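The values are calculated or read from the model by the stated rules, or taken from the named source; none is laboratory data. The structure displayed is predicted, hence computed values, not measured ones. Don't worry about glycine lacking a Cβ; one is built from the backbone with ideal geometry, like all the others, and counts go over all protein chains shown.
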Amino acid sequence: MLKGSWNNLLKFRESAKPRKSKPQSKLISIARKLHYAHKEAEARAVYEKIIESYSRGDDDSLPLIAPYRTGIEFWNLRFSHQHKLAYLTIPKNACTSISNSIYELEFNHPFDSSGDKYIHQFYRPKGVQLSLDGLDDYYKFAVIRDPIKRFLSAYRNRVIFRGDLESAIGLNKELPISPSLNVFVVHLPTYLAASQQLELHMMPQRVYLNGKLDAFDGIFPLENISELAAKLSLMTKCEVKFGRYQTGGPAVSLSDLSADSFERLLDYYDQDYELLQGYYTRSAIKSQFAAAK
């Protein structure tokens, strides 16, 4: 049903002029709640409405999850065309740091973050790629992270420090908006259904990677991010350093998880551990959890 719209979407995005965005929050909220209630067909129908509205030009932003939940690949890439680099962003995997570096490589000066300027706001209107076609001569790379450790980082920064649940839509009034870690895990589907920001930061990495590691020229575990900096420095003949961003929030570690919460997260990120097994394994994180306890 959406084939024609999607075939023209990239061309439309490139030529589109700024326009007023119609509120999509209600539809997005409905779609999210249907998804987490396991009503996939109904959720897909709502996401298709959102996509159609966007492709007609009624809205100037598209929820990144909409393509995936309608069976379409999406690649949220940030480019340095000058250096033929294509970076796939995955929230909570140093994406703010790397995005700033990509910007500086492309424009030859740091991003101006004064006032309310924000690197992701700069890149967000650039949209998503529906295909990697035409990027054969680009160095395509992504940074990955242990799924449960990424979740803990997102909880610390987005739930506790940034208070994303304060703006949650339709959250059960009996649930706290600043939940303890284990309460949050127990009610994770309900919280994700109520907050688009949390969903984006806690969705399995498999979603952003489209389940394909072999689509990239380089996959870098977060623990080895210095290797990525060295690689980019060599390729671009520019000194690349990654600053530290999004570090706010109290310390949260594996030891703060209950045994039940840990098992729930293993289940939630099951497909991540399957996809990333060459880098992160269930057995490794289980050993680390046991040692932490």
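A few notes on this one:
- Residue tally, condition assigned to a helix (DSSP H, G or I) and within 21 Å of residue 221 (Cβ to Cβ), over the stretch 263-291: 18
- Just so you know, in the stretch 25-75 the residues that are more than 24 Å from residue 211 (Cβ to Cβ) and aliphatic (A, V, I, L, M) include one that is modelled with the lowest pLDDT, and it is 27.
- Search result, residues across the stretch 163-195 that are charged (D, E, K, R) and more than 20 Å from residue 208 (Cβ to Cβ): 166, 173, 174
- Condition met for residue 170 (closer than 20 Å to residue 218 by Cα and either modelled with pLDDT under 95 or assigned to a helix (DSSP H, G or I) (or both)): no
- Hits in the stretch 107-125 - residues which are over 16 Å from residue 64 (Cα atoms) and in contact with a helix residue (DSSP H, G or I) (Cβ under 8 Å, 6 or more places away or on another chain): 110, 111, 113, 119
- Residues of the stretch 50-65 that turn out to be out of contact with any Leu (no Cβ under 6 Å at 6 or more places or on another chain), without any contact (Cβ under 8 Å) to a residue 40 or more places away in the chain and surrounded by 15 or more Cβ atoms within 10 Å (Cβ to Cβ), as a count: 2
- Positions within the stretch 183-224 being under 24 Å from residue 159 (Cβ atoms) and part of a loop (DSSP other than H, G, I, E, B), in sequence order: 187, 195, 203, 204
- For the stretch 238-278, the set of residues classified as among the hydroxyl-bearing types (Ser, Thr, Tyr) and surrounded by 18 or more Cβ atoms within 10 Å (Cβ to Cβ) consists of 261, 268, 269, 273, listed by residue number.
- Unmet requirement for residue 198, which otherwise passes all of (1) under 21 Å from the mean Cα position of the chain (by Cα); (2) surrounded by fewer than 22 Cβ atoms within 10 Å (Cβ to Cβ); (3) under 23 Å from residue 253 (Cα atoms): (2)
- In the stretch 80-94, the residues that are out of contact with any Asp or Glu (no Cβ under 7 Å at 6 or more places or on another chain) and of a type outside the set (Gly, Ala, Ser): 83, 85, 87, 88, 89, 90, 91, 92, 93
- Close pairs from the stretch 165-176: first of a type in the set (A, V, I, L, M, F, W, C), partner at pLDDT 90 or above and not in a loop (DSSP other than H, G, I, E, B), Cβ under 6 Å, at least 6 apart: 168/194; 169/194; 171/194
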